[in-house]
Amino acid sequence: MVNRQIVVGTDGAGTSAAAVDWSAHEAQRRRVPLRIVHAFHPQWGDLPSGATAGSDDAGRQIAEVVAANAFDRAREVAPDISIETDTVTGPAVPRLLEVSRGAELLVVGNRGRGGFAGLLLGSVSRRVATQALCPVVVVRGRRTAAGGPIVAGVDHSPDADLVLQPAFAAASDQGCPIVVVRAYEPMIPLSLSPAVPRRVDIPAQDDAERSRLEARLAPWRAKYPELSVREVISHESAAAALVQASRDARLVVIGSHGHGLITGGLIGSTGLQLLHHAACPVQIARRPG
């Protein structure tokens, strides 16, 4: 059963402030409650503004300040939604996964308090994105793009609708265009010389891919006739095509295509490359549960 709330993890530093802002906007858009979660260790050396040293429970005091600051930030962004805060003891990843079980969405920043300056994706963000059993958004790059589209990366798997559903819904709510990207590598006829570049432009294959994509999109176009929908057929890798599309986008939505013991429990190389290099927030679409 899906719990109609958005969960955001914050550590009071790094990109978690951007994650709180983004999740508050999204909770307001979806008209669902927001739950702000901060996981802490009892011994934490950094004292944020508002906390005092020497307390018998300094870790708890710091955690409450971090959560309160995040609450104030979210309330300023979205004054009309229901917001609750939750401070939990222990490592961030297992606690975030625990509290978000069955949530409608889990949101994190791309780097946290312990990240190195040159690190593109923090360990907590990566593990949450790959292990969560609900949809995840990693907030990175540019948080908004005025006039930018929602980008959906799809293939011909049966789970493509898991990507299209949130992408079309978000585009409809935000009144923006949607760009659907299908990247594939054309097959080279055996008659061609091995000297021919590995990727070639074969119109017949492009036409076939476009026809399959149009068939996949037909019910979504019918459901959202007001949307401007653009299809992109690319011969680049899926990651390269989507990173390129992210430069003008407000959100990129992709599927989970891992091969772990739990279906949907991991994401593939395309997802990981986007989490490192996308110029906007990235949503990993998967079935909650």
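What is the residue count in segment 273-287 for residues that are farther than 17 Å from T15 by Cβ and either without any contact (Cβ under 8 Å) to a residue 40 or more places away in the chain or out of contact with any Leu (no Cβ under 7 Å at 6 or more places or on another chain) (or both)?
Within segment 273-287, residues that are farther than 17 Å from T15 by Cβ and either without any contact (Cβ under 8 Å) to a residue 40 or more places away in the chain or out of contact with any Leu (no Cβ under 7 Å at 6 or more places or on another chain) (or both) number 1.
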Between residues in segment 82-103 that are in contact (Cβ under 8 Å) with a residue 60 or more places away in the chain and residues that are assigned to a helix (DSSP H, G or I), which pairs lie under 7 Å by C-beta distance while being six or more apart or on different chains?
A92/V124; L96/V128
How many residues, within segment 57-80, are of a type in the set (D, E, K, R) and at pLDDT below 90?
2
Report whether or not V232 is farther than 21 Å from V128 by Cα, at pLDDT 90 or above and not charged (D, E, K, R).
yes
Looking at segment 139-157, can you tell me whether even one residue there is modelled with pLDDT under 90 and of a type in the set (A, V, I, L, M)?
yes
Can you find even one residue in segment 35-48 that is of a type in the set (F, W, Y) and modelled with pLDDT under 95?
yes
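The values are calculated or read from the model by the stated rules, or taken from the named source; none is laboratory data. It should be emphasised that the depicted structure is a prediction, and the values quoted were computed from it without experimental measurement. Heads up, the Cβs are rebuilt from the backbone with ideal geometry, glycines too, and the neighbour counts pull from every protein chain shown.
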